[in-house]
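Undergrad: Quick one: structure below, then a few questions.
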Amino acid sequence: IDAALADGVRRMAVRITLPETDRTFDSYRLATILECVRASVMRQTARGRKVRVCVQGPLGEGFFTGMPLSLAGAGKMIAQMDWGRTPEAEAAVSFGDVSAGVVEAGVDTFFVIAPQNMAGACVTAPLAAMADAADAAGAALILINPSLEDVQSSGGLMSVRGRAGRLGFTASFAPAYTFRLLFSNPSIPYPILGALRYRYGESWQVWSREDAAAHVEGREVYHLCAETGEAPPDPAELTSILRTRRLLVERMAREADAAARRLAEREGGGG
């Protein structure tokens, strides 16, 4: 985020996809996302920025008015959190809903927590109005784990009307940071094969989880096995990179075992 702000970027997205931050998994925990947001907010207030933390309000009309289940209680949790180590730091943080009305003079950074579309309702319109207002004010708008790709209708079908505009709006947010665990089956968070990471201004990185490696100080071992430049790798590239690394690790393990056997045979014969 700091690097993107220093480069003049005002619209950016942060995506952290772990079992605890992925709303499609039963292990989803909103508090984990809020802790990440708090760490980022406190970092910005320490740099003298005024920050407003926002979450979308109820969407839809009439009987269909509501909020995504993954954001239930978010407003109350945000209000109860500690947002600074000093009164001055806490005073630099305020809260609001996703709307153009929350953009006001004096606030230069906005965090929006997990904005997402619902069946029959779309958060893109109020978020776009907020983004335009932030642009006019010269403020930064940072989306945390956004899900804005499609709008599902009440019949369970994806809406076509306005899709191009929604996708264009989503693309206007530069990736500031991405961290995503990689699984053999995207719907099951096990086993972990590796991770995909990106930091603003750097290359996309593919890390492999070394199943055959020993644990170091209680931590699992990950190995940087590829960098793909400015574009993220597609699923086929990810599969190829991780397969190549796995085959290399297996070959190295076989060679190490063979070398150990030869050494044992030599030592045994010499005795």
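Undergrad: With respect to the numbered conditions (1) over 21 Å from MET130 (Cβ atoms); (2) free of Cβ contacts under 8 Å to residues at least 60 places away in the same chain; (3) outside any helix (DSSP H, G or I), which one is the sole condition not fulfilled by THR32?
TA: THR32 satisfies every listed condition except (3).
Undergrad: Tell me which residues, restricted to the range 166-190, are surrounded by 11 or more Cβ atoms within 10 Å (Cβ to Cβ) and assigned to a strand (DSSP E or B).
TA: If the condition is that a residue be surrounded by 11 or more Cβ atoms within 10 Å (Cβ to Cβ) and assigned to a strand (DSSP E or B), then ALA174, PRO175, ALA176, TYR177, THR178, PHE179, ARG180, LEU181, LEU182, PHE183, SER184, PRO189 are the ones that fit.
Undergrad: Could you please let me know if THR24 is out of contact with any Gly (no Cβ under 9 Å at 6 or more places or on another chain), open to solvent by 50 Å² or more (accessible area, probe 1.4 Å) and of a type in the set (S, T, N, Q)?
TA: So THR24 fits the description; yes.
Undergrad: Filter the range 103-138 for residues that are assigned to a helix (DSSP H, G or I), of a type in the set (A, V, I, L, M) and open to solvent by 20 Å² or more (accessible area, probe 1.4 Å) and give the result.
TA: ALA125, ALA128, ALA129, ALA133, ALA136, ALA137
Undergrad: Every residue in the range 227-249 that is open to solvent by less than 80 Å² (accessible area, probe 1.4 Å) and either in a helix (DSSP H, G or I) or under 17 Å from ILE192 (Cα atoms) (or both), please.
TA: ALA236, LEU238, THR239, SER240, ILE241, LEU242, ARG245, LEU248, VAL249
Undergrad: Determine, yes or no, whether PHE63 is open to solvent by 40 Å² or more (accessible area, probe 1.4 Å) and either over 21 Å from ALA125 (Cβ atoms) or modelled with pLDDT under 90 (or both).
TA: yes
Undergrad: Checking the condition at pLDDT 75 or above, surrounded by 20 or more Cβ atoms within 10 Å (Cβ to Cβ) and under 17 Å from PHE111 (Cα atoms), which residue from THR45, THR32 passes?
TA: Matching residue, one of THR45, THR32: THR45.
Undergrad: For the subset of the range 191-212 comprising residues that are within 15 Å of ALA231 (Cβ to Cβ) and of a type in the set (S, T, N, Q), which member is surrounded by the fewest Cβ atoms within 10 Å (Cβ to Cβ)?
TA: SER203
Undergrad: Residue check: is VAL37 modelled with pLDDT of 90 or more, open to solvent by less than 50 Å² (accessible area, probe 1.4 Å), outside any strand (DSSP E or B) and among the β-branched types (Val, Ile, Thr)?
TA: yes
The values are calculated or read from the model by the stated rules, or taken from the named source; none is laboratory data. Not measured: the values here are computed from a predicted model. Because the Cβ atoms are built from the backbone with ideal geometry, glycine has one as well, and the counts that use them run over all protein chains shown. Accessible surface is based on the protein model in full, side chains and every heavy atom, while ligands, DNA and RNA are left aside. Shrake-Rupley method; radii C 1.70, N 1.55, O 1.52, S 1.80 Å.
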